[in-house]
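To start, the structure under review is shown below, and the notes come after it.
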Amino acid sequence: MIGGHTKASQLLALQVSKARVRGVLHNTGQGIVFRLETPDTSAGETLGLQSDTTGHMTDHGLTGTARNDYIPSVNISGGPLSYSYRVYEIQLHFGRGDHQGSEHLLAGIAFPAEIQIYGYNNELYDNASEARSRAHGIAVVSIFVKVTHPKEALGRGVQGFPKESKMSKPNLELKMLTDQLQHITYKGDSVPLKTLSIHELLPPTSALITYEGSLTAPGCEETATWILLNRPLYMSPQQLAVMRKLKQGDTVSPMAPLGNNFRPPQPLHKRAIRTNIDLIHTDRVEKTHNRGSADSDNVDASETFSTSNCPSMEAKKFYQVSPEHLTVSSNFLDSR
């Protein structure tokens, strides 16, 4: 962090509830949002039965949900968080081309898409509307999305990641979301989802980077704790193509494609960046990387980074993020 080194041991892994949730996937005209059904919203409101848009609701079997049904929730805690945060929505940001789409950057390079999981502080506040303007109000778990090409042997260093492995399969929970995109082509369209696991949507890693920043939607309240996970999710070219067919307007005036719904990076303004990734003690790494052996693909990805290429807190080289503008020298994220 600026002004001193933060030990990796001070940041633990995130804890995410394993409950499966239900909710509604929306085309807002500005982006794709999955809104969870929560105890403080009626089934009709959450599932789009009382829509405040001119779009239509596609019924996939949730319209019979009674208000007094048990409504599961997902809480996020641990990591840099001092409180529990209840997930209320998921946002998908993506570009019209593969060179842009994410709101965070790696070594100045954008990814085709980024998933952001929003939670409000349910220990201090009653709902997300109240929390977004209050201290410690919102936590956002952010995940890069890469395009996977199963038949293509990708080499080391593609957009800052090591060589692809078996973990580059498309995520099944993400696929559940993208499979429904055909039903929300136009602004105001929405479709309910019966079940989704936030826990299984996350890539398998305990490594993270975190900073205190602002929300990227209008209002840009300075109340968010951003948490960037150290592995990406993977999406097939076909999944991304479906996303890029979505429209900003309704059926009468479709307007332009929905993509490029991201906020450009903003200055850091001397904010502290923390991580539990060991950025200093990686002396064995360069030797492993320089072997050039035939079985190098089987080496743990944590041992494939060169010390000279790793960012250093002491050297004040950081991960580049939005809304805070940070920089990292080279390979930083583990894509296993």
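The values are calculated or read from the model by the stated rules, or taken from the named source; none is laboratory data. Given the structure is predicted, the values throughout are model-derived calculations rather than measurements. Neighbour counts are summed over all protein chains in view; Cβ atoms, including those assigned to glycine, are modelled from backbone coordinates with ideal geometry.
Of everything in segment 133-187, what is modelled with pLDDT under 90, touching a Ser or Thr at 6+ places or on another chain (Cβ under 6 Å) and surrounded by fewer than 19 Cβ atoms within 10 Å (Cβ to Cβ)? Give them in sequence order.
Listed by number, the list holds a single entry, PRO170.
I need a count of the residues in segment 68-115 that are among the polar types (S, T, N, Q) and not in a strand (DSSP E or B).
6
Any idea how many residues of segment 208-258 are within 23 Å of VAL141 (Cβ to Cβ), of a type in the set (Val, Ile, Thr) and outside any loop (DSSP other than H, G, I, E, B)?
The total comes to 4.
Among the residues of segment 42-49, are any aliphatic (A, V, I, L, M), part of a loop (DSSP other than H, G, I, E, B) and modelled with pLDDT of 90 or more?
The answer is no, given that none of the residues of segment 42-49 is aliphatic (A, V, I, L, M), part of a loop (DSSP other than H, G, I, E, B) and modelled with pLDDT of 90 or more.
Quick one: what pairs do we get from segment 171-197, first residue aromatic (Phe, Trp, Tyr), second part of a strand (DSSP E or B), C-beta under 8 Å, 6+ apart or different chains?
TYR186/ASN27; TYR186/LYS247
Could we say that THR275 is among the polar types (S, T, N, Q) and in contact with a strand residue (DSSP E or B) (Cβ under 6 Å, 6 or more places away or on another chain) here?
yes
In the set ARG86, ARG35, ARG67, which member is touching a helix residue (DSSP H, G or I) at 6+ places or on another chain (Cβ under 7 Å) and at pLDDT 95 or above?
Criteria check complete, one pass: ARG35.
State all residues of segment 77-90 that are of a type outside the set (Phe, Trp, Tyr) and touching a Lys or Arg at 6+ places or on another chain (Cβ under 8 Å); if no residue qualifies, say none.
Matches in segment 77-90: PRO80, GLU89.
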